[in-house]
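Written below as structure tokens is the structure these notes are about.
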Amino acid sequence: MAELKLSESRDLTRIERIGAHSHIRGLGLDSSLEPRAVSEGMVGQTAARKAAGVILQMIKEGKIAGRAVLLAGQPGTGKTAIAMGMAKSLGLETPFAMIAGSELFSLEMSKTEALMQAFRKSIGVRIKEETEIIEGEVVEVQIDRPAVAGAASKTGKLTLKTTDMETVYDLGAKMIEALGKEKVQSGDVIAIDKASGKITKLGRSFSRSRDYDAMGPQTKFVQCPDGELQKRKEVVHCVTLHEIDVINSRTQGFLALFTGDTGEIRAEVREQIDTKVAEWREEGKAEIVPGVLFIDEVHMLDIECFSFLNRALENEMAPILVVATNRGITTIRGTNYKSPHGIPIDLLDRLLIISTQPYTEDEIRKILDIRSQEEEVEMSEEAKRLLTTIGVETSLRYAIHLITAAALACQKRKGKIVEMEDINRVYHLFLDVKRSTQYLMEYQNQYMFSELGDGEEDDSNAMNP
């Protein structure tokens, strides 16, 4: 029974949903920015990945701002995958905001405000501050509880030591409660923030490593601190400009951060915050981290949004803008003019364009192998070959969708490995775009509002008595 519980808890901690791009861990480049054939979940698109790697290097150095990159290519050629790879390669320190072009029109605020908030989300501020902390190994925790309940508050003593010194501290009720919450016991190495009284458990001391025969995997052993007990430490906080805006825009702004109900933020608030951040930069207290704003389906923006982007990119605190589109020459939304990718020429002129190429048969096979591994589906060699052929003739996305469907068909017949018959079965159950279109062409007369020449005449005849 105990074993069962252990495995259950272990599985619960690593539950993670498998998404369309959950297999991507980075851009798959080596130290000299050369793309590896298959690495970090990325396959093919060598030229596009190399170009994205150069942009990434520029972002990491933080020397450029207000640059914009366009990922252009047919549907299913890995544009969003490259953007996700960039986000993973940047790490947690650099802000990465992601929005879809159509999102701006469904929010309860103006389009330009929504874009401005997206811009501010992708600019980070690294704030440095010095705090005094007490760091040492707990020798003894002594808490005196009053004999009569409610007669007086608890009092106690805490003995802390480093390799050089040992001190006894008197404890008040608040500190006793904090120690109890953290379950501090002798042998723990702790850090106490003097300003806030926050206690952080750093781990167990090596000298106490033999106290217990068995320990959990989360037990961490650290050296006993050396030098003085009281130290000055530089703490770095990373926040985005948008978070600072929200906190300062209303009385309980920090709650709005969690609920997502930020509303429109006044320009005066933003101006004051920009002035303050500029002051901190001059004093050396803070530094700006320009992040990345990724706008997918950028052709969905209208002419007002494009002119706003033109202006916003000229701002000195602008992030790197990465946009993606799968459109060719199409109408710019909000006008009657046509333009490449549905983006006005003046904005296109500012963009560095990275194009993605359709995948080859060999690359489709490698992607399907990675996806099968990610979705934990075992597949026979013949089934993989058939799925690759389907991917070449229909689309890569359709082939990827069939993986889990085929695994379920295999499970139904109580098989362990997905065979050709499972792929064949789901191929006939779920239509791809070509077969669905063919079916519509055959039976379009029986559909409502069909708009193909002959059908219209039939409909009009049917309507006239």
Take Glu61 and decide whether it is at pLDDT 85 or above, of a type outside the set (A, V, I, L, M) and open to solvent by 40 Å² or more (accessible area, probe 1.4 Å). no
Could you count how many residues in segment 350-368 are within 13 Å of Leu396 (Cβ to Cβ) and in contact with a helix residue (DSSP H, G or I) (Cβ under 7 Å, 6 or more places away or on another chain)? 7
Quick one: which of Lys161, Lys231 is closer than 30 Å to Glu287 by Cα, surrounded by 12 or more Cβ atoms within 10 Å (Cβ to Cβ) and at pLDDT 80 or above? Lys231
Kindly indicate which of Gly253, Gly216 is open to solvent by 30 Å² or more (accessible area, probe 1.4 Å), within 36 Å of the chain's Cα centre (by Cα) and modelled with pLDDT under 80. Gly216
Filter segment 173-200 for residues that are aliphatic (A, V, I, L, M) and in a loop (DSSP other than H, G, I, E, B); the one that is least open to solvent (accessible area, probe 1.4 Å) is Val184
Can you confirm whether segment 376-393 contains a residue that is out of contact with any helix residue (DSSP H, G or I) (no Cβ under 6 Å at 6 or more places or on another chain), among the small types (Gly, Ala, Ser) and either closer than 27 Å to Gly19 by Cβ or not assigned by the TED database to the domain that holds Arg25 (or both)? yes
Would you check if Ala97 is part of a strand (DSSP E or B) and closer than 30 Å to Thr80 by Cβ? yes
Which residues, counting only those in segment 403-421, are surrounded by 12 or more Cβ atoms within 10 Å (Cβ to Cβ) and either over 21 Å from Ile364 (Cα atoms) or touching a His at 6+ places or on another chain (Cβ under 8 Å) (or both)? Leu408, Ala409, Cys410, Gln411, Gly415
At pLDDT 90 or above, open to solvent by less than 40 Å² (accessible area, probe 1.4 Å) and among the aromatic types (Phe, Trp, Tyr), is that true of Phe294? yes
Conditions (1) surrounded by fewer than 16 Cβ atoms within 10 Å (Cβ to Cβ); (2) modelled with pLDDT of 90 or more -> Gln373 fails only (2)
Determine whether Glu264 is out of contact with any Leu (no Cβ under 6 Å at 6 or more places or on another chain) and free of Cβ contacts under 8 Å to residues at least 24 places away in the same chain. no
Which condition number in (1) crowded, with 18+ Cβ neighbours inside 10 Å; (2) without any contact (Cβ under 8 Å) to a residue 40 or more places away in the chain; (3) assigned to a loop (DSSP other than H, G, I, E, B) is the one that Leu33 fails? (1)
Here are some conditions: (1) open to solvent by less than 50 Å² (accessible area, probe 1.4 Å); (2) not in a helix (DSSP H, G or I). Leu104 meets all but one. Which one does it not meet? (2)
Do we have Glu382 as under 28 Å from the mean Cα position of the chain (by Cα) and among the charged types (D, E, K, R) here? no
Examine segment 313-323 for a residue that is without any contact (Cβ under 8 Å) to a residue 40 or more places away in the chain and either open to solvent by 20 Å² or more (accessible area, probe 1.4 Å) or under 26 Å from the mean Cα position of the chain (by Cα) (or both), and state whether such a residue exists. no
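The values are calculated or read from the model by the stated rules, or taken from the named source; none is laboratory data. Note that the structure is a prediction, hence the values are computed from the model and not measured. We place every Cβ from the backbone using ideal geometry, glycine too, and count neighbours over all the protein chains shown. These accessible areas exclude ligands, DNA and RNA; they are computed on the full protein's heavy atoms, side chains included. Shrake-Rupley method; radii C 1.70, N 1.55, O 1.52, S 1.80 Å.
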